[in-house]
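Presented below is the structure to which this report refers.
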Amino acid sequence: MKFYSLNHKAPIVSFQEAVVNGIAPDRGLYFPDSIKPLSADFFQNIENYSNNEIAYELIKQFVGNEIPVRELKEIIKDTLSFDFPLIEIENDVFSLELFHGPTMAFKDVGARFMARCLSYFNKNKTNELTVLVATSGDTGGAVASGFLGVKGVQVVILYPSGKVSEVQEKQLTTLGQSIKALEVTGTFDDCQDMVKTAFLDKEITDIIQLTSANSINVARWLPQMFYFAFAFKQLKNRSKEIIFSIPSGNFGNICAGMMAQQLGLPIAHFIAATNVNRVVPNYMETGNYIPLKSKQTISNAMDVGNPSNFIRIQNIFDNDFEKIKEALSSYSFTDDETRDTILSIYKNSDYITDPHGAVGYLGLKLYLKDHADKQGIFFETAHPVKFLDVIEPVIKKKIKFPPQILQVMDKEKVALSIDNYEQLKKFLLK
Ligand SMILES: *Cc1c(COP(=O)(O)O)cnc(C)c1O
């Protein structure tokens, strides 16, 4: 499959090149040249397929013949080595738990798939590749875990000091080996800016081959289609149309769902639920896309002021605002609303959501109020234990540490503090 840049000023590339480059030389995001729907039969009979088979069907056209079938199936099997349970919380309201992977957030799927693709492409190469990534919380841990032990790949993670949770910090600073953590005095936006500057800095890129592991990378973005289909497969009664509510920050996850819809997965509508970082809800009201400075919230993985993947969404719907409005609604919620919701879901359904999942639930409920003929799935994008300091005071109960988390909490944090770009550059070039 060929990929082109959404800025239209860069050469068309193969899947491999798109994965290795991360972003196109004209700074555009890569997008597949064509999207061929799967047969309607496949989706109607989806319960006859295993998760691995479903994933293979969804991804194969995008990889093309660049990874042999047997190897691609191995990569998928390795990536999806955990469960994706769908839990009924209330009538017509389901939670898709995406936190059963090694770092307990949905990003495990994309990070693991991407790491294994890069490892495949890199296996006969002698030069090292450096994955440089900024994280607002969960990306760092997922990328660190996904790439640990991958031959020929160094990982450098930038995170904003004091703005990620304790568990998140442990996950990205304790693995060692080829994983290096840089603790940045500043915000996520500052980390992101430094990464972007490094990608444009010829003194660095002449010497080091850099790639990104944010959801702009097609190998991290596209596998996120898988679990939309896993959710559909688990719904026993599909007589009511299905909507998905996705807690959104960089809009990679929801945009992957729209790709699954393009492939034929029957999704009636999408809800992008955000915290007070409401660039997209504003856009849906006015038709104007105006980036804002990001604000810090209790759902920190969504503190994004200029969602990178929104341009892909616009592209899927031919840059037609009316078409986007038909497919997507977007609502914004405050931290107080989020806390109240965590408590009410806990009281009414004996179910603990993390702050991101709670925002997704709020979006879903708001939409269902006027659309009682639909049933809805919200994504529980991270395990509540990752946000202990928010959840425990709200529900007034201790959350038990799962084994994946216990494993990292005792390990010692190793991170280098930096506060400007020159320090990052020195670090990369040393
Ligand atoms: C990254 C993340 C999000 C936002 O996902 P996007 O693909 O950036 O929209 C939501 N919830 C959690 C827990 C995350 O880690």
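The values are calculated or read from the model by the stated rules, or taken from the named source; none is laboratory data. Being a predicted model, the structure only gives us computed values, none of them experimental. Note that each Cβ is placed from the backbone with ideal geometry, even for glycine, and that neighbours are counted across all protein chains shown.
Numbers below:
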item: Residue among Ile243, Ile207 that is in contact (Cβ under 8 Å) with a residue 12 or more places away in the chain and out of contact with any His (no Cβ under 8 Å at 6 or more places or on another chain); result: Ile207
item: Of all residues in the stretch 393-430 being in a helix (DSSP H, G or I) and of a type in the set (Lys, Arg), the one that is nearest to Asp190 (Cα to Cα); result: Lys425
item: Test result for Leu132, of a type in the set (A, V, I, L, M) and closer than 26 Å to Tyr421 by Cβ; result: yes
item: Looking only at the stretch 156-174, and only at residues there that are free of Cβ contacts under 8 Å to residues at least 40 places away in the same chain and under 18 Å from Arg112 (Cα atoms), the one that is nearest to the ligand (Cβ to nearest atom); result: Leu172
item: Residue identified as surrounded by fewer than 20 Cβ atoms within 10 Å (Cβ to Cβ) and of a type in the set (Asp, Glu) among Asp318, Asp303; result: Asp318
item: Within the stretch 1-23, considering residues that are buried (at least 16 other Cβ atoms within 10 Å of the Cβ), assigned to a loop (DSSP other than H, G, I, E, B) and in contact with a Gly (Cβ under 7 Å, 6 or more places away or on another chain), the one modelled with the lowest pLDDT; result: Met1
item: Residues of the stretch 253-293 that turn out to be of a type outside the set (Ser, Thr, Tyr) and part of a loop (DSSP other than H, G, I, E, B), as a count; result: 16
item: Residue in the stretch 183-191 that is among the hydrophobic types (A, V, I, L, M, F, W, C) and not in a helix (DSSP H, G or I) present; result: yes
item: One residue from Ala219, Ala260 being under 18 Å from Leu96 (Cα atoms), within 16 Å of the ligand (Cβ to nearest atom) and surrounded by 22 or more Cβ atoms within 10 Å (Cβ to Cβ); result: Ala260
item: Number of the exception - Asn250 against (1) within 16 Å of the ligand (Cβ to nearest atom); (2) modelled with pLDDT under 90; (3) in a loop (DSSP other than H, G, I, E, B); result: (2)
item: Criterion: among the charged types (D, E, K, R) and more than 30 Å from Val93 (Cα to Cα) - qualifying residue of Lys386, Lys425, Lys398; result: Lys425
item: Flag if Pro355 is buried (at least 17 other Cβ atoms within 10 Å of the Cβ), modelled with pLDDT of 95 or more and not hydrophobic (A, V, I, L, M, F, W, C); result: yes
item: Condition broken by Ile399, with the remaining ones in (1) away from the ligand (no atom under 14 Å from the Cβ); (2) crowded, with 19+ Cβ neighbours inside 10 Å; (3) free of Cβ contacts under 8 Å to residues at least 60 places away in the same chain; (4) aliphatic (A, V, I, L, M) satisfied; result: (2)
item: Identity of the residue in the stretch 304-333, of a type in the set (S, T, N, Q) and part of a strand (DSSP E or B), that ends up farthest from the ligand (Cβ to nearest atom); result: Ser329
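Every residue, every condition in (1) over 21 Å from the mean Cα position of the chain (by Cα); (2) farther than 30 Å from Lys369 by Cβ; (3) among the polar types (S, T, N, Q), yes or no:
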{"position": "Val184", "(1), (2), (3)": "yes, yes, no"}
{"position": "Asp189", "(1), (2), (3)": "no, yes, no"}
{"position": "Ile216", "(1), (2), (3)": "no, yes, no"}
{"position": "Ser239", "(1), (2), (3)": "yes, no, yes"}
{"position": "Gln262", "(1), (2), (3)": "no, no, yes"}
{"position": "Val276", "(1), (2), (3)": "no, no, no"}
{"position": "Val280", "(1), (2), (3)": "no, no, no"}
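Rundown of residues vs (1) away from the ligand (no atom under 13 Å from the Cβ); (2) over 27 Å from Val394 (Cβ atoms); (3) at pLDDT below 95, yes/no style:
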{"position": "Arg238", "(1), (2), (3)": "yes, yes, yes"}
{"position": "Leu265", "(1), (2), (3)": "yes, yes, no"}
{"position": "Ala268", "(1), (2), (3)": "yes, yes, no"}
{"position": "Asn277", "(1), (2), (3)": "no, no, no"}
